[in-house]
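Presented below is the structure to which this report refers.
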Amino acid sequence: MLLKISLIIAIFSAPSCYGQQRSCRQLNQQRQGFRLILRYPPGWCVAMPRDECDGPADWVVQGFWPTPLITHSTTRYDHRYPLQFCCHKQQFNKKTLSSIIESMKRYWPSESYTNHYEYWKQQWDRYGACSHDPTAINRPLSSTIHYDQIDVAEYFALALDLFHRIRIREWLDDNHLKPSNDHSIRTNKIRETLNSHLNQMDQSSMVYELRCAHSNVTATKTKGRNILNEIRFCFDDQLNLIDCARFIDTDQHTGRTGQCDDNIYYVDKLGWP
């Protein structure tokens, strides 16, 4: 009888995935890095106008995604099971973010700029719970065979710390690449600017991915233009910038962004419909 009761308790106390009917998955011990996804609200709004049009006119965090790394021992990756919805001993609790809450609201707002806590809970349940703890790795990577899971507060704090190291708006402004609704920018000019600053941390020119969307707004002059709306930065499991080609492609995307053309628009908030 005691065994039966214990089994019942275990079943009902097991954590479940956010918005999912199935049980959460155990964290894969495979080497992983992170994608830091930065969103440019004016680009999102012009390309796909929704309630995001109330957002800021500067770069913010969209997500911090654990992503499998390619290694010499990498086995065939099953794309049906990306690093999402993992079991974790910690559940999201907004109290854990009390020390960074104002920074979270400013630099990691929800896509609708309302219900921030619900949005952050989704980010934790989907991605954070599947993240290894970079600060727990104190051995050479080649000999690391076990990874501890990150906790809630550290997950969000690490993403914000990385975000503040990458000052996109400042770097582009200093090189006279300011938002404009009238003039396009050659993609290579943006890459040259970012590379000149990121070389302080990494010599590779492939440590980030520019992402754009095509405007479908018929009422504005931005219709049909390739518009910058995301930049994704790639980090290894010790939070060093790395070539994005070292990631196994798990096809993680936001659903409203794609590859950029040679000429793109870095639009101003004044271009919003």
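The values are calculated or read from the model by the stated rules, or taken from the named source; none is laboratory data. This one's a predicted model, so the numbers in the text were calculated from it and none came from an experiment. For neighbour counting, all protein chains shown are included, and Cβ atoms are generated from backbone atoms with ideal geometry for every residue, glycine included.
General observations
- Per-region count, region 184-199, residues assigned to a loop (DSSP other than H, G, I, E, B) and at pLDDT 90 or above: 1
- Failed condition for SER131, given (1) in contact with a Pro (Cβ under 8 Å, 6 or more places away or on another chain); (2) farther than 22 Å from LEU27 by Cβ; (3) not acidic (Asp, Glu): (2)
- Boolean, LEU239 is of a type outside the set (Asp, Glu), surrounded by fewer than 20 Cβ atoms within 10 Å (Cβ to Cβ) and at pLDDT 90 or above: yes
- Filtered residue count, region 92-122, keeping only those that are touching a Leu at 6+ places or on another chain (Cβ under 9 Å) and assigned to a helix (DSSP H, G or I): 6
- The numbered conditions (1) crowded, with 18+ Cβ neighbours inside 10 Å; (2) under 25 Å from ILE150 (Cβ atoms); (3) modelled with pLDDT of 90 or more are all true for ARG246 except (3).
Residues checked against (1) surrounded by fewer than 17 Cβ atoms within 10 Å (Cβ to Cβ); (2) modelled with pLDDT of 90 or more:
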| site | (1), (2) |
| --- | --- |
| HIS176 | yes, yes |
| MET201 | yes, no |
| CYS212 | no, yes |
| ASN216 | yes, no |
| THR220 | yes, no |
| LYS223 | yes, no |
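- In the condition set (1) modelled with pLDDT of 90 or more; (2) more than 28 Å from GLN238 (Cβ to Cβ), GLU111 is compliant with all but (1).
- Residue tally, condition modelled with pLDDT under 65 and either out of contact with any Pro (no Cβ under 6 Å at 6 or more places or on another chain) or not in a loop (DSSP other than H, G, I, E, B) (or both), over region 31-76: 11
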